[in-house]
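Comments concern the structure below.
The values are calculated or read from the model by the stated rules, or taken from the named source; none is laboratory data. All values derive from a computational prediction rather than experimental measurement. Glycine also receives a Cβ, built like all others from the backbone with ideal geometry; neighbour counts cover every protein chain displayed. Note: accessible area is taken over every heavy atom of the protein model, side chains too, but ligands, DNA and RNA are not part of it. Shrake-Rupley method; radii C 1.70, N 1.55, O 1.52, S 1.80 Å.
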Amino acid sequence: MRARSIRGTGAVAAAASLAVAASACSAPGDGKNAGGAKDSAVVGIAYEPDTLSPLLGYGKDGNSKIFDGLLTHDAEMKLKPALAAELPKVGDDGKTYTFKLRKGVKFSDGKPFTSKDVVFTYETILDKKTNNAAKTELDAVKNVETKGDDTVVFHLKYPYAPFAERTVLPIAPEHIAGKQDVNTGEFTTKPVGTGPYKLVKWSKGEKLTFKANPGYWGGAPKVKNFTMAIIKDDDIRATRLDAGELDGAILPPNLAKKYASDGNKKSYAAKTFDYRVVTLPTGNEVTGDTDIRRALDTGVNRKAMVDSILDGAGKEAYGPVPTDSPWFTKGTERKFDAAKAKKILDDAGWKPGKDGVREKDGVQAKFPLWYLSGDKLRQDHALAYASDAKKLGVKVEVQAGTWEVIEPRMPKDAVLAGGGSPADPDFDQYTLLKSSLAGDGFNNMAHYDNPKVDKALDEARESGDHAERQAAYDTIQRELVKNPGYTFLTHIDHLYVVDKRFGDLTTQTEPHDHGLASGPWWNVEDWQPKQ
Amino acid sequence: MARMTGRRALFAVPVLLAVTFGVFAIAAASPFDPVKAYAGTAGLTASQENLDQLRANLGVDQPLAQRWWDWLTSAVHGDLGDSSTLRQPVSDVIGERIGWSVLLAATAFLLAILVGTLLGVLAARRPGGWLDRVVTSLAYTLEAAPPFWIGLLAVWLFALKLGVLPSGGLTDTASSAVTAGQVASHLVLPACVLAISQLPWFVLYVRQGVGDALGDDPVRGARARGLAERTVLLGHALRSGMLPVLTLIGSRVPELITGALLVETVFSWPGIAAATVSAATAVDFPLLAALTVLATAAVLLGNLLADLLYGLADPRVGFDG
């Protein structure tokens, strides 16, 4: 019997390896395993891109590894030229942007990069037929034209000061992407760009493997092989980091903690614009009441949330702009003061009623607060908020749901939302606060309506002058103290652990959306691994 | 035999039509919004105009019957449409993945049949003996254990605690090449877990079949003639005891498919499972419909195969009357 079972297993193994050998023919790559080599890096990430085509939105915030934009960000998030030779010249009162292009740049297939590729990229994204969900971000663009091979001019519909920030989006090659279906063509999974890395293989749900582009205009990267393993589960990512399968990974605070004492690993806390906020919709008679809003704004203990929910990895938030950003208006911090909050409510006539819930004119101070089910961080924030509100006599009923459930309720119910885009204050604030965008998709979820803020938002986006813009954003932040449409709770640090052999690394200020661009590997092409 | 195959093939047409229409109807009735799913995080900042345009481009603003009919007519012409979640033609999605799913399922199925038969025969030899009791109670326990739970347990034990087998994926994380050796080592855990989840049925059926056969007249006659125990067991008892197992092979196919779905998810095996799950939650009509057709066809084929095998093994049964 024993011999039979072994023979049986052998047959299965043989059949399996035959099948594998047959399918292995289709696998690209030279077969040399680079694992553990000095010039390779493997990192674990939690999110997978839907597409690798910039025409469908991949890499729109810069840093796409396979591609370059006209401009890019340095470690301080300042714009610097990439495919453009210099920063753009702004003319016509902020309505034209002229870019001179870098000479001699080639796509990784050897074909030259020209102004036509730039026009192709932007025109394709703006085309109605292109399924790019982020095209609203290029709303300001009227048209794009070439002036010879090395100059591109953008004409805008209205003066838009932060427009240069949008030109970090990657440029696709017209000679490849222009010849196929933009929504489903091969280019969406097998991209070709001018960037520091070439895609070797995208094994969906598993990993993305990259090889250094030896002809990169910025110099060939030292890290020759770069792999991003997609591991959704936090614990498995940590385990594979321990097992040496990964050189680095993004981790939640509780798992990142134990690496602080690890001699071979270094921890990085990336500062972010990633906020968690409670929307206070004007359509609800309780959350629409300015006194309730102000009371909640002073009566929630943000410090306690940072310490207990985030393990200290984050900071208190008073608006979309983090307190350490140059755009933050000093003096708009709200000190936690439950007594003051109660006084606001008392003075406004919200009198304690039965069960400790306040009442005014027959209305009970209670409202529902929704969070996305399955999101632990949002759940914790929502529960902490409800518990703080309860002490003030405001009853917040926390409920979980998917976006399908939450969205129709957004005009009347509060939502524990997240967001944040560091590139320009306009990107967050315009869509968050502009009254005309109330209820437009997920824009202005709270239906916030404040004429002073509306005016300042327009001034801020139209003016090219930094001091004028700063003054406008100061106005907005002060208005948010007087009439908060949202209760901003925290800005969350993103934590990473990376092997020490890559030396001291940096992180950028990160957005809410932690895609492939985030993490210490934002500039993996510049890493100098120790030999 | 040919007539039975032909009749079943004809019968398959209305079944497939009904099943695909059912998939479209259920997907349309689900609360998931295909546009939201397509847009992902970008959808959270997209304007309504942008979202409406996407809805029109993806063709999901059409009525249910219209969408189903459009899908069906182009599918008949060989065009399975484009997957909205994976931004690829559906035929590419299936082509890239199905080989890995078939490898996993076939390996597991073979293992389950072989090991199941072996354990079943061993248990049937001494009904009520210690081996029988151990095997039977183990089988009943495993029957109740969901495959993903066994999968997680296996990852915990073999990958995390013992560190002897990789926890997931098709190849090592750092490697970009797919080699036979790599795949073989990564196949062990998922294939065994899937095999174990299928095992109880084979064990119990074989045990019952062989046990019954051992009490039958021909076997008792063979024993009386002084034939070797081995010949009696394998030549007589197993042969007639295997008949119900042949039917089981066909009827296990649906369970195998759902089991493979869960196991692939646990082990991030790049098969068709991940695509199926995302197609379902993102209401990716073309992909969902194509995958449903595939699964239905596999079930129908499994049943046909079982009946054919049964007919061949026992001529008294015949083919469909």
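Among the numbered conditions (1) in contact with a strand residue (DSSP E or B) (Cβ under 8 Å, 6 or more places away or on another chain); (2) modelled with pLDDT of 90 or more; (3) not aromatic (Phe, Trp, Tyr), the only one that A:HIS447 does not meet is (1). Taking the numbered list (1) within 23 Å of B:ALA159 (Cα to Cα); (2) open to solvent by 10 Å² or more (accessible area, probe 1.4 Å); (3) part of a strand (DSSP E or B) in turn, A:GLY244 passes all entries but (3).
Filtered by the rule that a residue be under 15 Å from A:PHE67 (Cβ atoms) and open to solvent by less than 10 Å² (accessible area, probe 1.4 Å), region A:118-131 gives A:VAL118, A:THR121, A:TYR122, A:ILE125. Highlighted here are the helices (runs of 4 or more DSSP H) found entirely within region B:1-89 that include at least 3 residues which are within 22 Å of A:GLY441 (Cα to Cα): B:34-39, B:48-58.
Taking the criterion of being open to solvent by 30 Å² or more (accessible area, probe 1.4 Å) and assigned to a helix (DSSP H, G or I), the residues of region A:217-239 that qualify are A:ASP234, A:ASP235, A:ILE236, A:THR239.
With respect to the conditions (1) at pLDDT 90 or above; (2) within 21 Å of the chain's Cα centre (by Cα), A:SER435 falls short on a single one, namely (2).
Of everything in region A:176-190 that is part of a loop (DSSP other than H, G, I, E, B) and within 23 Å of B:GLY169 (Cα to Cα), the residue that is nearest to the other protein chains (Cβ to nearest Cβ) is A:THR189. Within region A:334-343, being in contact (Cβ under 8 Å) with a residue 12 or more places away in the chain and either surrounded by fewer than 13 Cβ atoms within 10 Å (Cβ to Cβ) or over 30 Å from A:ALA467 (Cβ atoms) (or both) holds for A:LYS335, A:PHE336, A:ASP337, A:ALA338, A:LYS340, A:ALA341, A:LYS342. A single entry from B:PHE11, B:PHE24 fulfils the requirement of being at pLDDT 85 or above and under 26 Å from A:GLU404 (Cα atoms): B:PHE24. Please go through region B:199-223 and pick out each residue that is closer than 22 Å to B:LEU119 by Cβ, of a type outside the set (A, V, I, L, M) and more than 14 Å from chain A (Cβ to nearest Cβ). Hits for region B:199-223 are B:PRO200, B:TRP201, B:TYR205, B:ARG207, B:GLN208, B:GLY209, B:GLY211, B:ASP212, B:GLY215, B:ASP216. Within region A:299-316, the only residue that satisfies the criterion of being open to solvent by less than 40 Å² (accessible area, probe 1.4 Å) and either free of Cβ contacts under 8 Å to residues at least 60 places away in the same chain or under 18 Å from A:MET77 (Cβ atoms) (or both) is A:LYS315. Quick check on A:GLY148: is it open to solvent by less than 20 Å² (accessible area, probe 1.4 Å) and in contact (Cβ under 8 Å) with a residue 12 or more places away in the chain? Against the criterion (open to solvent by less than 20 Å² (accessible area, probe 1.4 Å) and in contact (Cβ under 8 Å) with a residue 12 or more places away in the chain), A:GLY148 does not qualify. Among the residues of region B:155-181, just one is aliphatic (A, V, I, L, M), within 7 Å of chain A (Cβ to nearest Cβ) and open to solvent by 50 Å² or more (accessible area, probe 1.4 Å), namely B:LEU160. Here the condition is being of a type outside the set (Val, Ile, Thr), open to solvent by 10 Å² or more (accessible area, probe 1.4 Å) and at pLDDT 85 or above; of B:LEU294, B:LEU287, it holds for B:LEU294 alone.
Would you check which residues across region A:393-426 are part of a loop (DSSP other than H, G, I, E, B) and more than 30 Å from A:THR509 (Cα to Cα) and list them?
A:GLY393, A:VAL394, A:PRO411, A:LYS412, A:ASP413
The set of residues in region B:1-28 that are open to solvent by 30 Å² or more (accessible area, probe 1.4 Å), touching a helix residue (DSSP H, G or I) at 6+ places or on another chain (Cβ under 9 Å) and among the small types (Gly, Ala, Ser) comprises B:ALA9, B:ALA25, B:ALA28. Scanning region A:136-158 for residues that are over 20 Å from A:GLU462 (Cα atoms) and in a strand (DSSP E or B) yields A:GLU145, A:THR146, A:THR151, A:VAL152.
Identify, please: which residue in region A:256-298 is basic (Lys, Arg) and closer than 24 Å to A:GLN429 by Cα and is, among those, surrounded by the most Cβ atoms within 10 Å (Cβ to Cβ)? Filtering region A:256-298 for residues that are basic (Lys, Arg) and closer than 24 Å to A:GLN429 by Cα, the one surrounded by the most Cβ atoms within 10 Å (Cβ to Cβ) comes out as A:ARG276. Of the helices (runs of 4 or more DSSP H) lying entirely inside region B:185-285, those carrying at least 3 residues that are small (Gly, Ala, Ser) and touching a helix residue (DSSP H, G or I) at 6+ places or on another chain (Cβ under 8 Å) are B:272-281. In region A:137-162, of all residues being aromatic (Phe, Trp, Tyr) and modelled with pLDDT under 95, the one that is nearest to A:LEU432 (Cα to Cα) corresponds to A:TYR160. Within region A:194-213, not a single residue is away from chain B (no Cβ under 12 Å), at pLDDT 95 or above and open to solvent by 30 Å² or more (accessible area, probe 1.4 Å). Taking the criterion of being within 14 Å of another protein chain (Cβ to nearest Cβ) and assigned to a loop (DSSP other than H, G, I, E, B), the only residue of region A:159-171 that qualifies is A:LEU169. Residues that are open to solvent by 50 Å² or more (accessible area, probe 1.4 Å) and in contact with a Pro (Cβ under 8 Å, 6 or more places away or on another chain) within region B:186-195 are absent altogether. Determine whether region B:46-54 contains at least one residue that is within 32 Å of the chain's Cα centre (by Cα) and either among the acidic types (Asp, Glu) or within 7 Å of chain A (Cβ to nearest Cβ) (or both). No; the residues of region B:46-54 include none that is within 32 Å of the chain's Cα centre (by Cα) and either among the acidic types (Asp, Glu) or within 7 Å of chain A (Cβ to nearest Cβ) (or both). Inspection of region A:193-212 finds no residue satisfying the criterion of being in contact with a strand residue (DSSP E or B) (Cβ under 6 Å, 6 or more places away or on another chain), touching a residue at least 60 places away in the same chain (Cβ under 8 Å) and assigned to a loop (DSSP other than H, G, I, E, B). Apart from one condition, A:ASP388 fits all of (1) at pLDDT below 95; (2) in a helix (DSSP H, G or I); the exception is (1). Within region B:159-180, if we keep just the residues that are part of a helix (DSSP H, G or I) and in contact with a Ser or Thr (Cβ under 8 Å, 6 or more places away or on another chain), the residue that is farthest from A:ILE45 (Cα to Cα) turns out to be B:ALA180.
When you scan region A:395-402, do you find a residue that is touching a residue at least 40 places away in the same chain (Cβ under 8 Å) and within 25 Å of the chain's Cα centre (by Cα), even just one? No, because not a single residue in region A:395-402 is touching a residue at least 40 places away in the same chain (Cβ under 8 Å) and within 25 Å of the chain's Cα centre (by Cα). Within region A:357-412, the residues that satisfy the criterion of being within 14 Å of another protein chain (Cβ to nearest Cβ) and not charged (D, E, K, R) are A:LEU372, A:SER373, A:GLY374, A:GLY401, A:THR402, A:TRP403, A:VAL405, A:ILE406, A:PRO408, A:MET410, A:PRO411.
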